[in-house]
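One structure below.
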Amino acid sequence: MIDNYNRKIKHIRFSITSKCQYSCLYCDREGYSRTNELTVEEITKLCKILAEVLNVTRIKFTGGEPLCREEIAQIIQNVSDLQLYKDISMTTNGLLLLEKAEELYKAGLNRINVSLASLQPEVYKKIYGSDSLKTVLKGLQKAKEVGFNPIKLNFVLMKGINDNELEDLINFCAKNGFVLQLIELHKVSDAVGRNGDFYEKYHLDVKPIIEELESRADKIIVRGSMQNRKVFTLPNSAVIETITPSHEFCMGCTKLRVGCDGNLFGCLFRSDLGKNIKGALRNHHSLSKYEHIVKQVVDSREPYY
Ligand code: SAM
């Protein structure tokens, strides 16, 4: 399905819970809802519908923290059993990876992104409100052992907090074979956008860093179907993907999002334009009825920046 800006929907980002053990300084509360979460059956049914009406084969589960959802392995297994998705991934804070990585891999999860904004225990605690860096690092090794590949680390850059750790993170990734996702702080959340001068204080323009990476890189690619993200390979074999909100970023957006309550929406920054599909999922509608709902949401997509 193609939106009004000629952007084809190629993948789904699905929040399965609002629960989280962390209280991240910058949290954007994506897919957040106070109302009822979709049940496991509703999630499975919606994944099937979306794959069929959109002809997509990629899905990423998120939260809140997706590993806080007790039935997470069952959800992955069910979606994998649909045999409609070639790429099932998840973004997680990593706290429960040590105990769950193997089960998730066996259930059919292919890839993970793990939030890691610092390698310093005190800084980690300040950013995430949790003293659990050691456990997350063990979880990462476990995830590598059981076979997840690639493993990407989400590094949200914050001025004066972790910007001095970029090289450490690059070296850590090179040494362990992880991919670094360098993410520019955005201000969509109340925690950032409506919190006094928080954004001005901590936001760092990633552009100069990108220019520097350009001069150091052996190889640069632009992921056209992934918000035009630039990916750099450095001489030490570190791979760094950059995520920075901009018009090019939005013009390359091919995602459809689902909130944990069944709100379908087309842009992280405009969840208010969504349509809730939970009620419709309880009925046995024809595929064309669901397609109509999805099409309305796809038609509401506009480049935000
Ligand atoms: N709890 C999971 C996790 O830690 O990955 C999933 C939810 S979290 C909202 C997903 C990702 O959103 C985080 O890894 C972080 O990179 C990104 N994120 C959240 N708030 C952000 C902000 N204000 N600016 C930039 N990235 C943000």
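FYI, it's all coordinate maths here, none of it is from the lab. What you are looking at is a predicted structure, and each value in this text was computed from that prediction instead of being measured. Cβ coordinates were reconstructed from backbone atoms using ideal geometry, including for glycine residues, and neighbour counts include every protein chain displayed.
Would you mind counting up the charge near His11? Only other residues with Cβ under 9 Å from its Cβ, with Lys and Arg at +1 and Asp and Glu at -1.
Here the count lands on +4.
Can you list the lysines whose alpha carbon is less than 21 Å from that of Lys126, not counting same-chain residues fewer than 8 positions off?
Filter leaves Lys19, Lys134, Lys138, Lys159, Lys187, Lys201.
What net charge is computed for the residues neighbouring Cys27, neighbours being all others with C-beta under 11 Å from the C-beta of Cys27, Lys and Arg scored +1, Asp and Glu -1?
-3
Excluding the sites themselves, what is the longest stretch of the chain that contains no trypsin sites (Lys or Arg not before Pro) in a DSSP loop with at most 14 other C-beta atoms within 10 Å?
Between the exposed loop sites, the longest stretch runs 195-281.
Mean-square fluctuation check for the chain, GNM, Cα pairs under 10 Å: which of Ser130, Ser288, Ser23 is largest?
Residue with maximal mean-square fluctuation among Ser130, Ser288, Ser23: Ser288.
Dimensions of the chain along principal axes (Cα, Å, largest first)?
54, 40, 40
Return the loop-located GluC sites (Glu not before Pro) in region 1-70 (DSSP other than H, G, I, E, B) with at most 15 other Cβ atoms within 10 Å of their own Cβ; answer none if there are none.
Answer by residue number: Glu70.
D for region 160-229, whole µm²/s, Stokes-Einstein with Kirkwood Rh over alpha-carbon pairs at 10 °C and 1.306 mPa s: what number?
The diffusion coefficient I find is 111 µm²/s.
Are there cysteines in the chain with no other Cys C-beta under 4.7 Å, and if so, which?
If one checks each Cβ against the other cysteines of the chain, Cys20, Cys47, Cys68, Cys173, Cys250, Cys253, Cys260, Cys267 turn up with nothing under 4.7 Å.
Anyone know which of Glu102, Glu211, Glu122 comes out most mobile in the 10 Å Cα GNM of the chain?
Result for the chain, Cα springs under 10 Å: Glu211 fluctuates most.
Quick check: the angle from helix 133-146's long axis to the longest principal axis of the chain, C-alpha only, nearest 10 degrees?
Rounded to the nearest ten degrees, it is 60.
In debye to the nearest 20, how big a dipole does the chain give about its Cα centre with +1 on each Lys and Arg Cβ and -1 on each Asp and Glu Cβ?
Here the size comes out at about 660 debye.
Could you tell me the relative contact order of the chain? Use alpha-carbon pairs under 8 Å, at least six residues apart, and round to a whole percent.
21 percent
Towards the positive end of the charge dipole of region 11-299, with charges on Cβ (+1 Lys, Arg; -1 Asp, Glu), say which of Ile221, Ile210, Leu50 has the farthest Cα.
So the residue furthest toward the plus end is Leu50.
Going by alpha carbons, how many degrees (0 to 90, nearest 10) lie between the helix axis of 287-299 and the longest principal axis of the chain?
Orientation of helix 287-299: about 40 degrees from the principal axis.
How far, in degrees from 0 to 90, does helix 40-54 lean away from the longest principal axis of the Cα atoms of the chain, to the nearest 10?
Here the helix axis deviates by roughly 90 degrees.
What lysines sit close enough to Lys219 to cross-link, taking a C-alpha to C-alpha distance under 23 Å and skipping anything fewer than 8 places away on the same chain?
Lys152, Lys175, Lys207, Lys230
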